[in-house]
Amino acid sequence: MKWDLGRRGGVEDRRGLSGGAIAGGGGIGVIVIALIGYFLGVDPQQLTQIVNQAQGPTQQAGVEGTPADEEGAFADVVHTSANDVWGRIFQDSGRSYRPSTVVLYTEGTSTGCGYGQAAMGPFYCPADERVYLDLNFFQTLDTQMGAGGDFAKAYVIGHEVGHHVQNVLGLSARVQNAQGRLSEAEGNKLSVRLELQADCYAGIWARQSNDQLNWLESGDLDEALRAASAVGDDTLQKRSTGHVVPDSFTHGSSAERMQWFKTGYNSGNPDSCDTFG
């Protein structure tokens, strides 16, 4: 990916500020949070009760600007590109778009959705409209989950901005309200549809940004698909427990996640991302 072709819009950089791990970091709590985090795109509001038990330290505001290091610059460029693409899409449809903010942090930080830590993986908080990234996750994605490459990382960021798009459209709130009236199994099915739509939106961004910048290289799409496969519910459950429980899926199978990313990329049209239809 020729990511240096993109522009930089800036980040909120909290790396190196006091955050620390959640209190009582050992034991089942962190294991559960880590497993949830690997699924990506988890709504932190659903984890608030777990996280708030930790009573993590207050996090100061980060430094706003354009990071000098390569990993920070990459996250800045991809996140800015995703906001630019969705801003144009909303404008073309006569709607107003509010850009998300990306926060880079290490170990732990406060969010509008409670205290977050790196074990949760990358996540989007609808309460403060921020994407939270501990960049060390990308090393885990590469070395432990077999999904390395710059466009694998770009897919993750595109997915999280997809959740922001759902929040701006009001879809996230409608799903959360509906889940309150459903059984756990039925609520999980809605979560799957929401996550698959965010995968499709990531594909939309990939297609439209490439149409504009021609920055994808040979193998980039394969990297994104490997990342989508690596975070499928069935793949993660096999890794962690050795068996698969479909009723407990919250993000979709590996095949579904790859399918919906490809659907978004092949069409370039958000109308193709109706996972609720």
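Considering only residues in the stretch 236-272 that are buried (at least 17 other Cβ atoms within 10 Å of the Cβ) and among the aliphatic types (A, V, I, L, M), the one that is modelled with the highest pLDDT turns out to be Met258. Of the residues making up the stretch 1-14, those that are surrounded by fewer than 21 Cβ atoms within 10 Å (Cβ to Cβ) and touching a Ser or Thr at 6+ places or on another chain (Cβ under 7 Å) are Arg7, Arg8, Gly9, Gly10, Glu12.
Only a single criterion out of (1) within 17 Å of the chain's Cα centre (by Cα); (2) surrounded by fewer than 16 Cβ atoms within 10 Å (Cβ to Cβ); (3) not aliphatic (A, V, I, L, M) is not satisfied by Arg95, namely (1).
I need a count of the residues in the stretch 147-185 that are exposed (fewer than 13 other Cβ atoms within 10 Å of the Cβ) and touching a residue at least 60 places away in the same chain (Cβ under 8 Å). Quick ask: steps written out before the conclusion?
Within the stretch 147-185, the first condition is being exposed (fewer than 13 other Cβ atoms within 10 Å of the Cβ), and the residues that meet it are 170, 173, 177-178, 180-185.
Filter once more, keeping what is touching a residue at least 60 places away in the same chain (Cβ under 8 Å): 185.
Going through the stretch 147-185 one residue at a time, the tally reaches 1.
List every residue pair whose Cβ atoms sit under 8 Å apart, with the two residues 6 or more apart in sequence or on different chains, where the first one lies in the stretch 121-133 and is modelled with pLDDT under 95 and the second, anywhere, is assigned to a loop (DSSP other than H, G, I, E, B) and hydroxyl-bearing (Ser, Thr, Tyr). Once the first residue is modelled with pLDDT under 95 and sits in the stretch 121-133, its partners that are assigned to a loop (DSSP other than H, G, I, E, B) and hydroxyl-bearing (Ser, Thr, Tyr) give Gly121/Tyr38. One residue stands out in the stretch 143-174 among those that are aliphatic (A, V, I, L, M) and touching a helix residue (DSSP H, G or I) at 6+ places or on another chain (Cβ under 6 Å): the one that is farthest from Ala230 (Cα to Cα), namely Val165.
Just to be sure before I move on: is Val156 at pLDDT 95 or above and touching a Phe, Trp or Tyr at 6+ places or on another chain (Cβ under 8 Å) in the structure I sent? Answer is yes for this residue.
When you look at Ser81, is it modelled with pLDDT of 80 or more and not charged (D, E, K, R), yes or no? Criteria met by Ser81.
The values are calculated or read from the model by the stated rules, or taken from the named source; none is laboratory data. This one's a predicted model, so the numbers in the text were calculated from it and none came from an experiment. Virtual Cβ from ideal backbone geometry, glycine too; neighbours counted across all protein chains shown.
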